[in-house]
Amino acid sequence: MTRRPHVPADRPRLLVYTRTTGYRHDSIPDAVAAFRALGGFDVEHTEDPAALEAPLDGYAAVVFLSTSGEVLTPAGRARLARYVEEGGGFVGVHAAACTEEDWPYYGDLLGARFARHPRYQPGSAVVEDRDHPATRHLPPRWDFTDEWYDFRSSPRGRVRVLLAADESSYDGGGMGADHPLAWCHGHGAGRVFYTALGHAAEAYADPAFRAHLRGGTAWAAHTADGGLQ
């Protein structure tokens, strides 16, 4: 039987973690406020690595929200890995892909590692999977403004791709035709959702982007269905 963390049935809790030891996004306060406004969750926000050393079983999901650099202690790494393997949810947003470079497990957990990005600019994302709460509200082509992260390699084949970047819609894309932008997958007994979007404060005021975060987080937290990989 799959083991899952104990989560209260009425108001599942999120641990939103925004520690940075590398680049720090000015949008982090707006991003935290957006998570608090998603509805349906009680949100605990922290930048203290000791919070990841404590038991995580009471959280429906742990959110790495534009974290960067090395943000966990060895004890925190072990605790997070055990939490996900035993059924906890994990959500990565934007610069979460620029985090814990020295920890191979984290790269497998997230699905891909950040490589580079072009300038902040408008572009289009293509919805590849409409049968997921993170994308079912979106049009087939979603116009958005962001940094359009490139990754060192495509995670396709290891994850369920939800959104892909259309590199013909902006300048400077470096991955070509296969450019996943948001995805989900099962990891151990847990669920993982990642979106590369969310660079600027303006994103977190966008209703479509908030719904994208809400759907992906709810799926990772086992409070919304959408199937596994």
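The values are calculated or read from the model by the stated rules, or taken from the named source; none is laboratory data. Quantities reported herein were computed from a predicted structural model and do not represent experimental measurements. Counting neighbours? That spans all protein chains shown, and the Cβs are built from the backbone with ideal geometry, glycine included. SASA here: full protein model, heavy atoms, side chains in, ligands and nucleic acids out. Shrake-Rupley method; radii C 1.70, N 1.55, O 1.52, S 1.80 Å.
Brief remarks follow.
- Sole exception among (1) surrounded by fewer than 17 Cβ atoms within 10 Å (Cβ to Cβ); (2) more than 18 Å from A37 (Cα to Cα); (3) modelled with pLDDT of 95 or more for P207, by number: (2)
- Exactly one residue out of E100, E167 is of a type in the set (D, E) and under 19 Å from F193 (Cβ atoms): that is E100.
- Any hit, segment 65-79, residues being farther than 18 Å from F193 by Cα, over 16 Å from the mean Cα position of the chain (by Cα), open to solvent by less than 10 Å² (accessible area, probe 1.4 Å) and not aliphatic (A, V, I, L, M): yes
- Filter result (in a loop (DSSP other than H, G, I, E, B) and either at positive phi or in contact with a helix residue (DSSP H, G or I) (Cβ under 8 Å, 6 or more places away or on another chain) (or both)) within segment 102-127: W103, G111, A112, R113
- Scanning segment 173-182 for any residue that is open to solvent by less than 30 Å² (accessible area, probe 1.4 Å) and touching a residue at least 60 places away in the same chain (Cβ under 8 Å) turns up at least one such residue.
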